[in-house]
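Comments concern the structure below.
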Amino acid sequence: MASPIRERIAAAEIVLPAADLAATLEFFTTRLGLRVEAIYPADAPATAVVSGHGIRLRLETQSDAAPGLLRLAIAGEVPTGPLVAPNGTRILLVPADPPVVVPPLAPALIVSRAGSDADWGTGRAGMRYRDLIPGRLGGRFIASHIVIPEGGPVPDYVHYHKVRFQMIYCRAGWVRVVYEDQGPDFVMRAGDCVLQPPRIRHRVLESSPGLEVIEIGCPALHETLADPALDLPNARIDRDRRFEGQMFLRHEAATAAWTPWRVPGFETRDIGMAAATGGLADARVLRARGAVAMPRWTHDGEFQFIFVLTGTATLEASDASPVALAAGDAFTMPAGRAHGLTAVSADLELLAVALPPQ
């Protein structure tokens, strides 16, 4: 029995028409720097194969294929104006490493419920995702409740994200991960958290059944890029390295201290996000210790997100009806809007993430 076709592919070519083969070949070799791999017949060329920049093109004088669109990533300044090959192929020139675009904030009070009507989808590497900020505040922020139901090895690969801010909080179960320059792989357990600074290479290796994590990022739409050239763990260890001004942070709940919070009857476990991000973000866990309410307050920051880890409470906000909250629910609150929590249960525990004014 023959092996699967994917194991027997020797080469791949994109076929493009080239009625004027000489002019088209000149364009792709001289203008774009591709090299000739094959051309025939010698006495009256009708087919040419060119390659370069990670692509391989087959130019045929008799082909009825569409001219196509070729996207080229350009280092440095990108030339302006349209670029079209003699065969009609359009050439799109884009920056090789475009900056992260953070959309303008569209503030809103958003409550996400964890009940049976919650929407779940399948994301990268087979993970299940629930969107905790529908609408995503104009595309500026994303928060996801991510679950791996079965556990075991995760079909992940070394990759990185082009982001402004990204953190992962383990809500339940455990997950084994590895990060660039941070030494051997390690296990995150319930209550642990990491800051993934921009572009740090990492990989998810395996998880327990029923793993749950909360991932928060800015902007909502950002690139995830593979890096097959890097094996993790890598030999270099540099735990003080800064990635675009931020440091990798590993917070372990088992060794962290609880301290009184500014609201009587509550304690806080500071995750250390402010120091790791240079003041860009703050993240902490809050828990009730005898409190029955969290008095109304306002904030003047860019972002405030709260996820209910355990327990129950009622969210009260100006110009809105009270909302009963339970474990798995989350809300975002816009700046300047008074809000508080009443009917706080004794086991209430919250993940609170905020970005101050920018």
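Inside region 134-170, can you point out the residues that are among the charged types (D, E, K, R), in contact with a strand residue (DSSP E or B) (Cβ under 6 Å, 6 or more places away or on another chain) and farther than 12 Å from residue 219 by Cα?
Correct list: 156 only.
Would you mind telling me which numbered condition in (1) hydrophobic (A, V, I, L, M, F, W, C); (2) closer than 21 Å to residue 291 by Cα; (3) within 23 Å of the chain's Cα centre (by Cα) residue 326 fails?
Failed condition: (3).
Take region 1-23 and flag every residue that is within 21 Å of residue 43 (Cα to Cα) and either without any contact (Cβ under 8 Å) to a residue 24 or more places away in the chain or not assigned by TED's automatic domain parsing to the domain that holds residue 44 (or both).
Matches in region 1-23: 22 only.
Name the residues in region 145-185 that are of a type in the set (S, T, N, Q) and assigned to a loop (DSSP other than H, G, I, E, B), would you?
182
Look through region 60-74, keep the residues that are among the charged types (D, E, K, R) and closer than 21 Å to residue 33 by Cα, and return whichever of them is surrounded by the fewest Cβ atoms within 10 Å (Cβ to Cβ).
So, considering only residues that are among the charged types (D, E, K, R) and closer than 21 Å to residue 33 by Cα, the one surrounded by the fewest Cβ atoms within 10 Å (Cβ to Cβ) is 71.
Residue pairs, Cβ under 8 Å, 6 or more apart or interchain, first in region 253-273 and crowded, with 16+ Cβ neighbours inside 10 Å, second assigned to a helix (DSSP H, G or I). List them.
Sorted first by the residue in region 253-273, then by its partner, the pairs are 269/253.
Here's a check for you: in region 121-146, which residue that is touching a residue at least 24 places away in the same chain (Cβ under 8 Å) and surrounded by fewer than 18 Cβ atoms within 10 Å (Cβ to Cβ) is nearest to residue 209 (Cα to Cα)?
Only one residue tops the list, namely 126.
What number of residues within region 274-317 are acidic (Asp, Glu) and surrounded by fewer than 18 Cβ atoms within 10 Å (Cβ to Cβ)?
Residues meeting the conditions: 1.
Hey, can you tell me all the residues within region 335-357 that are farther than 12 Å from residue 288 by Cα and more than 23 Å from the chain's Cα centre (by Cα)?
335, 336, 337, 338, 339, 340
Return the residues of region 1-41 that are among the small types (Gly, Ala, Ser) and under 15 Å from residue 58 (Cβ atoms); say none if nothing qualifies.
10, 11, 12, 18, 19, 38
Could you tell me which numbered condition residue 89 fails, if it satisfies all but one of (1) within 25 Å of the chain's Cα centre (by Cα); (2) in contact (Cβ under 8 Å) with a residue 24 or more places away in the chain?
(1)
Which is under 30 Å from the mean Cα position of the chain (by Cα) and exposed (fewer than 13 other Cβ atoms within 10 Å of the Cβ), of 82, 107, 103, 99?
The unique qualifying residue is 99.
Being hydrophobic (A, V, I, L, M, F, W, C), within 30 Å of residue 233 (Cα to Cα) and at pLDDT 95 or above: is that true of residue 142 here?
yes
Checking residue 136 against (1) at pLDDT 95 or above; (2) basic (Lys, Arg); (3) farther than 29 Å from residue 334 by Cβ, which test does it fail?
(3)
Is it the case that region 291-298 has a residue that's outside any strand (DSSP E or B) and within 22 Å of residue 358 (Cα to Cα)?
Checking region 291-298: at least one residue is outside any strand (DSSP E or B) and within 22 Å of residue 358 (Cα to Cα).
Within region 323-346, track down each residue that is in a loop (DSSP other than H, G, I, E, B) and farther than 24 Å from residue 215 by Cβ.
336, 337, 338, 343, 344, 345, 346
Based on this model, can you work out whether residue 51 counts as surrounded by 13 or more Cβ atoms within 10 Å (Cβ to Cβ), of a type in the set (Ser, Thr, Tyr), in contact with a strand residue (DSSP E or B) (Cβ under 6 Å, 6 or more places away or on another chain) and touching a residue at least 60 places away in the same chain (Cβ under 8 Å)?
Criteria not met by residue 51.
The values are calculated or read from the model by the stated rules, or taken from the named source; none is laboratory data. Keep in mind it's a predicted model, so treat the numbers as computed, not measured. A quick note on method: Cβ atoms are made from the backbone with ideal geometry, for glycine too, and the neighbour counts reach across all protein chains shown.
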